[in-house]
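Engineer: One structure coming up, written as structure tokens, with questions to follow.
What follows is calculated from the coordinates using simple rules that are stated; it is not laboratory data. All values reported here derive from a predicted model rather than from experimental measurement. Cβ sites come from the backbone with ideal geometry, for glycine too, and all protein chains shown count toward neighbours.
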Amino acid sequence: MDSKIIRRALLLVTLFVVAMFFIILWANGTFDKKQKTPSVAQTEVEEEVADENGYIYGSDLTAWMNDETFFDARVIGGGKYEVVSTEEKEEVVLNVSSVERDLRIKVVNTAGKLVKGSAFSVEVNGQGKFKDADRDGYIYVPDLSPGQYEVSLSDAQGYMAPTAPIKCTVKAKLEYKAIEDISYLIKTEADIDAAKEDTAVTDADSESTGNSAIKTVDNAVFGIDVSKFNGEIDWAQVKDAGVKFAIIRCGYRGSKSGSIVIDPCFEQNIKGATDNGIPVGVYFFTQATSDVEGVEEASAVMSMIKQYKITYPVFIDSESAGGSGRADGLEAGDRTKALEAFCQTIRAGGYKAGVYASKNWFNDRLDITKLSTDNVIWLAEYKDEPTYGGKYQLWQYSSGGSISGIEGRVDMNLSYLDTDR
């Protein structure tokens, strides 16, 4: 090829490459005369700062406020954003039941646990609003006419509440069967002032003339009854001492507040006795003032004993609470009605039911003719031989006995029941 032609071709290629280079620079704005050098303020915004933990952030700490994608939001009319709270709220629901002409309302979470600490209020159609004043998650509405009602949670700030009302039938008449969920009424001694609430006083001591030794009677079985007041018990020694049965206190109703309270030694006592082959029954000290409260007490007791083998009866302990208890002033008829409600509910639950009281209490403070003959009678009379004129199946003959494995005084009993032993 001619050398002139080659030189001309190389020149054209070189010019073409240079032209393309300048075109690219122009397209990227290198020669845009309007481009300005960033200001100091702009430069500061773009700076990144590392804190002591190694996290890097921009110097403009308010930039997030202009970032619509920062929030959990949804588009509303006009293309604007509505900020939606990302706080997780606990879901609550209402459990509503009726025993007799009342509503028992519980605010619970999805696990069925009472939600405490908030001043919830509910609205009952035609009756108004009712507030959880003590913030225990429970609202009681008394004195309602029988019929259908709707209950709505009207104040649940900070919680996700149900939108639809709960429908419930208010019962006209008490049914002697266990309340399905009674746990919300049961407390421990950590929740109350036990010194003021646990104040049972039997009047059998005033007549005490009998001995406190273990009795051996051909047609009777020897046993004891115990509560927290007997302290720590060595049940193996108790068994070896000749004890054939034990009636264990499971709880009591507070003589001031009316709270249903578990005896703090109940669990260890019933396990200790049964683990050592000692047949057991239980008793509950009542301060019920109505048959409704009698059903409550029976329901609470059955919830406490359901996991244990109960051979002897479930007794309701009726005695004074020191003279100023909430049930001490009841008429004999009203007290008897509450006891009978307890016993009927216990029998409906599949247990034997019984009533414990002193001779004077049976004679003067109860109407024995209104108690069912199906009830087992446990008499407290501290004499060598009872003088009580009525029938009985258990006899507590002393409160001053002594048994190996228990420090201090122990209640001593004889049972004439035909039980497996």
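Engineer: Using a basic spin-label model with each label point 7 Å from the Cα along Cα→Cβ, how many nm lie between Lys309 and Asn363?
Structural biologist: About 4.1 nm separates the two model spin labels.
Engineer: About the Cα centre of the stretch 90-170, what is the dipole size in debye to 20, counting +1 per Lys and Arg Cβ and -1 per Asp and Glu Cβ, all else neutral?
Structural biologist: Values: 9 positive and 11 negative charges, 19 e Å.
Around 80 debye, computed over the stretch 90-170.
Engineer: Could you give the nm distance between label points at Glu123 and Val217, where each point is 7 Å from its Cα heading toward the beta carbon?
Structural biologist: Label-label distance for Glu123 and Val217, simple model: 6.5 nm.
Engineer: A further question on this structure: For the stretch 147-158, what does the Karplus curve 6.51 cos²θ - 1.76 cosθ + 1.60, with θ = phi - 60°, yield as ³J(HN,Hα) per residue in whole Hz, taken in order and with x for Gly and Pro?
Structural biologist: x, 8, 9, 10, 10, 10, 7, 9, 9, 9, 4, x
Engineer: How far apart, in nm, are the 7 Å Cα→Cβ label points at Lys391 and Lys113?
Structural biologist: With each label point 7 Å from Cα toward Cβ, the separation is 4.9 nm.
Engineer: Provide Thr199, Thr14 in ascending order of the number of other Cβ atoms located within 10 Å of each residue's Cβ, fewest first. Write out the running numbers ahead of the final one.
Structural biologist: On the way: Thr199 20, Thr14 10.
Fewest-to-most Cβ neighbours within 10 Å comes out as Thr14, Thr199.
Engineer: Ok, one more. For each of Asp218, Asp191, count neighbouring Cβ atoms within 10 Å of the residue's Cβ, then give the residues from fewest to most. The partial results should precede the final answer.
Structural biologist: Details: Asp218 4, Asp191 13.
Least to most surrounded, the residues fall as Asp218, Asp191.
Engineer: Exceeding 28 Å between C-alpha atoms, which entries from my cross-link table qualify? They are Lys106/Lys228; Lys173/Lys391; Lys196/Lys337; Lys177/Lys244. Don't jump to the answer; show the numbers that get you there.
Structural biologist: Working: Lys106/Lys228 31 Å; Lys173/Lys391 32 Å; Lys196/Lys337 26 Å; Lys177/Lys244 31 Å.
Flagged as over cut-off: Lys106/Lys228; Lys173/Lys391; Lys177/Lys244.
Engineer: Out of all DSSP beta bridges in the stretch 183-415, what portion is antiparallel? Express it as a percent rounded to 5. Show your work: numbers first, answer last.
Structural biologist: Details: 14 of 42 bridges.
The antiparallel fraction comes to roughly 35 percent.
Engineer: Right, another one. State the Cα centre-to-centre distance between the stretch 258-276 and the stretch 314-362 in whole Å.
Structural biologist: Rounded to whole Å, the Cα centres lie 20 Å apart.
Engineer: Using the count of nearby Cβ atoms within 10 Å as a rough guide to exposure, how do Met160, Met304, Met20 rank from fewest to most? All intermediate terms of the calculation are to be shown ahead of the outcome.
Structural biologist: Numbers: Met160 13, Met304 21, Met20 10.
Ranked by crowding around the Cβ, least crowded first: Met20, Met160, Met304.
Engineer: Further question on the same structure: Can you tell me the FRET efficiency between Thr163 and Ser324 if r is taken as the Cβ-Cβ distance and R0 is 30 Å, rounded to the nearest 0.05? It would help to have the intermediate numbers written out before the result.
Structural biologist: On the way: r = 48 Å, r/R0 = 1.58.
It comes out at approximately 0.05.
Engineer: Taking H as built 1.01 Å from N, whose amide H comes closer than 5 Å to the amide H of Ile247, not counting residues under 5 places away?
Structural biologist: Close amide H contacts, sequence-distant or interchain: Ile224, Asp225, Val226, Gly281.
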